[in-house]
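Asker: Pasting a structure below so you can have a look.
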Amino acid sequence: MRGVKFVPLVTILVANRSALDSVELTVILPFWASVLLSLALGGYALTRADNSTTRWFVRTMALATFWSTCSGLSLMVEPFWLKRLFTDIKFVAVTLLPVAWLLMAGSFTNCRFHRKRHWRLSLLVVPVITLVLIATNSLHGWMFALQWPAESAAFTSVGRTYGPWFWAFTGFAYLTVGGSIALFSWAAVRLKGRRRKQSLTMMLGSFQPLLFNALYLSAPNYFNQLDFTPVVFTVSGVFFAVGLFGFDMLDIMPVARREVIKAMADPVIVTSADGRMADVNPAGCTLLGICRDGIGRDIREVLPLAAHDVAADEMASPVEATFRVGNRERHFDARVTRLEDELGTGLGFVYVLHDVTARIEAENQVRLAKERIEELSRLKSAFISNMSHEIRTPLTGIIGLAELLAEETTDEQHEFSVMIRDAGTRLFRMLDSVLSVARLSSGNIENHVQRVDLNELLQEIVRPLRGEAEQAGLGLELELPDAPVEAVLDPDHLQHALMHLLDNAIRFTDEGHVRVRLDDAVDYLLITLSDTGRGMKQSFVDRASEAFSQESYDLDRPMEGSGLGLRVAYGLIEEMKGTVSVQSVPGVGTSFTISIPRRLESFNAVMPAAT
């Protein structure tokens, strides 16, 4: 029997040519037109988008195509058993299409049940039972009580009276399609704009097969037992296609967005909700080497970046990613945005990759150069510190011996001894300044904070310099408040800084005086050092705190100096959280105003200076 019934379809149609001649074209044309239209709608949907709703729409169109094909073939064959066979086979689509319709509505409205496997399996229970009862109907008649050739002038169809399970299944089918109508109605109430139009359009499309099938079952003989429900489902598919894809056809904004993305210099990749690549712009093809044949592949296969997992909650800030393109590594700031509709349904992800390769390479070069400079600076400081120590030790002996010789000798030998002592002292001061600059630069200088009387401290600082000032023919004046001025600071730092400033003032003042003035400003101490010397140009004042900075670099300049005194003075005052301001007029004189916090309680008795 199987060898007789399941022969090729072409053979059956040729053998039943007389049946084809007896069927009017107007009867079978709607079914075959439905087949072509369903195939076209499904194919068009596949080219427009790859998401859950689109896939369920394609499945419903495939089932409508199968249903219409079986209905058309049942009219085109002559043996009644063959008509019954096609009519029974079509129930595969009849039973599954309402379920697919409901799952499509659930996907569109983002209802959770369509994503849960046990819910989908439970919806298949009634269709499976129905198909089993159809296959065994001759044993019980629960689906069809009677079946006969329903003849008319234009065609012959299969007439049936229905059993109890048929009506049970019909109720199930109406409930599933009615459930989809309820979901679309619920979405239409919640949504706005284009999405509301989509929901209303698909709700109207869902009403059509329900109403027509109810009309057919109420009077099947009126239609000569010819069920056009699959054709109506295809017409509803047109409504769905318009609802899903048609409302933005005439909108210029999607076109504009596409052109902007194409013109972007940064790679842009669009993926579906499950992480499969849906589109890539030309920059992505060029910079990442991703061709459009990669569409449909998992994003993690295309890019060595598991950004799809990271993007579950959307990445608000860029994440640095590195890809190897050809023989070169490229660096990108990757920003991932989750695409959602108005109902919060996850549609997919958009990856925007900003190429920062040039910046990263420049930063690496700067970092390496900085590390090299810091290493050289440490080596320089260590070298200067060691050399200063090694030179100061014998130099101290030389100065001491020169002082002894100056006391024991007379005339020319005494003059030579004094010259050796003065030159050694000058060299000693320069080495001390070099060592101080090295410590300030490396941050290894220590702060010894204690309570001091500023009046006494300034007197101690000025006292040893009076003889030098008198030899230069200058007056060294000290103006102090009547009451003692106490402060908590590092006296060594202050003494060292003031000694450098006073030494410069005496050396660069030809006539007049050098004055030191102390003012108590409650929270701050103001120490003013002024002279009537040569003054400084503003261009030098602006760089006076730099090491080895001098107003004149000529070898025949009238005054000697290393250019380190002001750098040391500025640095030590800054270590005490103080500031230095300078006012100078060439040919008139210079005034240094030092402002230092009166109390430095934040320091411990001895602690490293902050760098």
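The values are calculated or read from the model by the stated rules, or taken from the named source; none is laboratory data. Predicted, not measured: the structure shown is a model, and the values here were computed from it. Note: ideal-geometry Cβ built from the backbone for every residue, glycine included; neighbour counts use all protein chains shown. Side chains included, ligands, DNA and RNA excluded: accessible areas come from the protein's heavy atoms. Shrake-Rupley method; radii C 1.70, N 1.55, O 1.52, S 1.80 Å.
Asker: Which one of Ala438, Ala402 is surrounded by 12 or more Cβ atoms within 10 Å (Cβ to Cβ), at pLDDT below 80 and among the aliphatic types (A, V, I, L, M)?
Answerer: Details: Ala402 fails: at pLDDT below 80.
None of the others qualify; the one that does is Ala438.
Asker: With respect to Thr136, is the statement that it is touching a helix residue (DSSP H, G or I) at 6+ places or on another chain (Cβ under 8 Å) and of a type in the set (S, T, N, Q) true? Reasoning before the result, please.
Answerer: Working: touching a helix residue (DSSP H, G or I) at 6+ places or on another chain (Cβ under 8 Å): no; of a type in the set (S, T, N, Q): yes.
Criteria not met by Thr136.
Asker: Please go through segment 193-232 and give me each residue that is in a helix (DSSP H, G or I), farther than 18 Å from Trp101 by Cβ and of a type outside the set (A, V, I, L, M, F, W, C), ordered by number.
Answerer: Within segment 193-232, Gly193, Arg194, Arg195, Arg196, Lys197, Ser218, Pro220, Asn221, Tyr222 qualify.
Asker: Is it the case, given these coordinates, that Phe247 is more than 25 Å from Phe155 (Cβ to Cβ), more than 27 Å from the chain's Cα centre (by Cα), modelled with pLDDT under 80 and open to solvent by less than 30 Å² (accessible area, probe 1.4 Å)?
Answerer: no
Asker: Is one or more of the residues making up segment 113-127 farther than 24 Å from Thr53 by Cα and in contact with a Leu (Cβ under 6 Å, 6 or more places away or on another chain)?
Answerer: no
Asker: A further question follows. Would a scan of segment 73-85 turn up a residue that is modelled with pLDDT of 90 or more, touching a Pro at 6+ places or on another chain (Cβ under 7 Å) and surrounded by fewer than 20 Cβ atoms within 10 Å (Cβ to Cβ)?
Answerer: no
Asker: Look at Leu139 and say whether it is farther than 24 Å from Ile28 by Cα, of a type outside the set (D, E, K, R) and modelled with pLDDT of 90 or more.
Answerer: yes
Asker: Mind checking which residues of segment 141-158 are in contact (Cβ under 8 Å) with a residue 60 or more places away in the chain and either within 29 Å of Phe239 (Cβ to Cβ) or surrounded by fewer than 17 Cβ atoms within 10 Å (Cβ to Cβ) (or both)? Write out each step before concluding.
Answerer: Of all residues in segment 141-158, those in contact (Cβ under 8 Å) with a residue 60 or more places away in the chain come to 147, 149-150, 152, 154-158.
Residues satisfying the conditions are Pro149, Ser152, Ala154, Phe155, Ser157.
Asker: Moving on to the next point. Just checking: which of the strands (runs of 3 or more DSSP E) contained wholly in segment 481-534 hold 2 or more residues that are open to solvent by 40 Å² or more (accessible area, probe 1.4 Å)?
Answerer: Numbers: elements: 486-489, 513-521, 524-531.
Strands (runs of 3 or more DSSP E) meeting the threshold: 513-521, 524-531.
Asker: Follow-up. Can you tell me which of Phe383, Phe416 is modelled with pLDDT of 80 or more, more than 21 Å from Leu501 (Cα to Cα) and aromatic (Phe, Trp, Tyr)? Break it down into steps so the answer makes sense when it comes.
Answerer: Working: Phe383 fails: modelled with pLDDT of 80 or more.
Going through Phe383, Phe416 in turn, just one is modelled with pLDDT of 80 or more, more than 21 Å from Leu501 (Cα to Cα) and aromatic (Phe, Trp, Tyr): Phe416.
Asker: Would you confirm whether or not segment 108-117 contains a residue that is of a type in the set (S, T, N, Q), under 30 Å from Trp148 (Cα atoms) and surrounded by fewer than 21 Cβ atoms within 10 Å (Cβ to Cβ)?
Answerer: Step one: filter segment 108-117 for residues of a type in the set (S, T, N, Q), giving 109-110.
Checking which are under 30 Å from Trp148 (Cα atoms) leaves us with none.
No, there is no match, as no residue in segment 108-117 is of a type in the set (S, T, N, Q), under 30 Å from Trp148 (Cα atoms) and surrounded by fewer than 21 Cβ atoms within 10 Å (Cβ to Cβ).
Asker: Next question. Only one residue in Val94, Val125, Val99 is open to solvent by 30 Å² or more (accessible area, probe 1.4 Å), more than 38 Å from the chain's Cα centre (by Cα) and among the β-branched types (Val, Ile, Thr), so which one is that? Can you show your working first?
Answerer: Numbers: Val94 fails: open to solvent by 30 Å² or more (accessible area, probe 1.4 Å); Val99 fails: open to solvent by 30 Å² or more (accessible area, probe 1.4 Å).
Only one candidate qualifies: Val125.
Asker: Can you find a residue that is part of a helix (DSSP H, G or I), touching a Lys or Arg at 6+ places or on another chain (Cβ under 8 Å) and open to solvent by less than 50 Å² (accessible area, probe 1.4 Å) anywhere in segment 233-243? First the steps, then the outcome.
Answerer: Going through segment 233-243, the residues part of a helix (DSSP H, G or I) turn out to be 233-243.
Subset that is touching a Lys or Arg at 6+ places or on another chain (Cβ under 8 Å): 243.
Imposing the further condition that a residue be open to solvent by less than 50 Å² (accessible area, probe 1.4 Å) reduces the set to 243.
Checked against the condition, which is being part of a helix (DSSP H, G or I), touching a Lys or Arg at 6+ places or on another chain (Cβ under 8 Å) and open to solvent by less than 50 Å² (accessible area, probe 1.4 Å), segment 233-243 yields at least one hit.
Asker: Still on this model: Considering segment 173-192 alone, what residues qualify as being within 30 Å of Leu29 (Cα to Cα) and in contact with a Pro (Cβ under 9 Å, 6 or more places away or on another chain)? Outline the logic, then answer.
Answerer: First, pick out the residues of segment 173-192 that are within 30 Å of Leu29 (Cα to Cα): 173-174, 176-178, 180-181.
Selection gives Ala173, Tyr174, Thr176, Val177, Ser180.
Asker: Identify the residue in segment 537-546 that is closer than 14 Å to Tyr570 by Cβ and in contact (Cβ under 8 Å) with a residue 24 or more places away in the chain and, among all such residues, is surrounded by the most Cβ atoms within 10 Å (Cβ to Cβ). Working first, answer last.
Answerer: Of segment 537-546, the ones closer than 14 Å to Tyr570 by Cβ are 540-546.
Restricting the remaining residues to those that are in contact (Cβ under 8 Å) with a residue 24 or more places away in the chain gives 541, 544-545.
Numbers: Val541: 17, Ala544: 21, Ser545: 17.
Ranking the candidates gives Ala544 first.
Asker: Between residues in segment 193-216 that are open to solvent by 40 Å² or more (accessible area, probe 1.4 Å) and residues that are part of a helix (DSSP H, G or I) and among the aromatic types (Phe, Trp, Tyr), which pairs lie under 7 Å by C-beta distance while being six or more apart or on different chains?
Answerer: Pairs that qualify, where the first residue is open to solvent by 40 Å² or more (accessible area, probe 1.4 Å) and the partner is part of a helix (DSSP H, G or I) and among the aromatic types (Phe, Trp, Tyr), are Leu204/Phe239.
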